[in-house]
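Each remark here refers to the structure printed beneath this line.
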Amino acid sequence: MPEVNLTTIAILIVGLYLISSIKVLAEYERAVIFRLGRVLPAPKGPGIILVFAPIDRMVRTSLRIETLEVPAQDVVTRDNVTVKVNAVIYFRVLDPTRAVIEVANYLYATSQLAQTTLRSVLGEVELDELLSQREKLNVRLQSVLDQHTGPWGVKVTMVEVKQVDLPDQMIRAIARQAEAERERRAKIIHAEGEYVAAEKLSMAAELIQKQPAAIQLRYLQTLVEIGTEQNTTVVFPLPVDIFSSLSTWLKKKAAGPEEG
């Protein structure tokens, strides 16, 4: 009877040990197994795996894309302007074994690397480039980060500069610059309009000079336009030649009696 009890207890212990050795991994998880301190060649999962403790030690690693927000960093641009810049990084683990072995904490290491890279890369550009060419800088940041995290088995898929905070004095200076630029464009457009108008008037004058009847048609058209408005004033344009002819005739009439 004692032998039966010992056998039963041993079977129960072995059964409980096997049950406790069963681990279930989700589709996006992989398990890096250390057996007697040595890592197995390939990570296990997903699904049901066996981890025989204390011989085996399991480290779970997620293969999903992780989002890491980089805190606001004080960046001095190449033209000596101090700004605060924050960003967000998207990355994922491609090699779970290297992510566990090569670096102690790949999340913390990637965060620290992102902060230093953000300051160094953005410090090499001028403020105008930082504000206008953000897509180009995002690609450059992603390339630099991916180059450093590649040996860790981590792939940086995208980097986005979220916000650039400027000092109040710089905001006012940029506003004045934009206003001056708008005024310059307005003056250029106005000058171009005056030039085109003068050119068209010159062409019209040459055409009217070739066809004198055209000026009479313009007079009539002007009268029609004035007549359509509800007013009591009528402006009738007369050619200047009429006044010169009338002046010449009056001078002749005045000189006639004196000669007689």
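The values are calculated or read from the model by the stated rules, or taken from the named source; none is laboratory data. It should be emphasised that the depicted structure is a prediction, and the values quoted were computed from it without experimental measurement. In this analysis, Cβ positions are derived from the backbone assuming ideal geometry, glycine residues included, and neighbour counts consider all displayed protein chains.
Brief remarks on what is shown
- Meets criteria (at pLDDT below 80, out of contact with any Lys or Arg (no Cβ under 6 Å at 6 or more places or on another chain), part of a helix (DSSP H, G or I) and of a type in the set (A, V, I, L, M)) for I174: yes
- Check on L145, touching a Leu at 6+ places or on another chain (Cβ under 7 Å) and crowded, with 17+ Cβ neighbours inside 10 Å: yes
- Among all positions in region 50-59, there is no residue which is surrounded by 18 or more Cβ atoms within 10 Å (Cβ to Cβ) and in contact (Cβ under 8 Å) with a residue 40 or more places away in the chain.
- Qualifying residue in region 109-122 (condition: closer than 21 Å to Y28 by Cα and either touching a residue at least 12 places away in the same chain (Cβ under 8 Å) or in contact with a Cys (Cβ under 9 Å, 6 or more places away or on another chain) (or both)): yes
- Any hit, region 30-40, residues being outside the structural domain of D95 (by TED's automatic domain parsing), on the phi > 0 side of the Ramachandran plot and surrounded by 10 or more Cβ atoms within 10 Å (Cβ to Cβ): no
- Out of A87, A99, A109, one residue alone is modelled with pLDDT of 90 or more and either among the aromatic types (F, W, Y) or in contact with a Gly (Cβ under 6 Å, 6 or more places away or on another chain) (or both). It is A99.
Conditions tested, residue by residue: (1) surrounded by fewer than 13 Cβ atoms within 10 Å (Cβ to Cβ); (2) more than 29 Å from the chain's Cα centre (by Cα); (3) closer than 30 Å to V125 by Cα; (4) in contact (Cβ under 8 Å) with a residue 24 or more places away in the chain.
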{"site": "S20", "(1), (2), (3), (4)": "yes, yes, no, yes"}
{"site": "A26", "(1), (2), (3), (4)": "no, yes, no, no"}
{"site": "T77", "(1), (2), (3), (4)": "no, no, yes, yes"}
{"site": "A104", "(1), (2), (3), (4)": "yes, yes, no, no"}
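- If only residues of region 122-138 that are closer than 17 Å to M170 by Cα and aliphatic (A, V, I, L, M) are counted, the one that is surrounded by the fewest Cβ atoms within 10 Å (Cβ to Cβ) is L131.
- Taken together, the criteria exclude V83 from residues that are hydrophobic (A, V, I, L, M, F, W, C), without any contact (Cβ under 8 Å) to a residue 60 or more places away in the chain, in the same structural domain as P96 (by TED's automatic domain parsing) and surrounded by 11 or more Cβ atoms within 10 Å (Cβ to Cβ).
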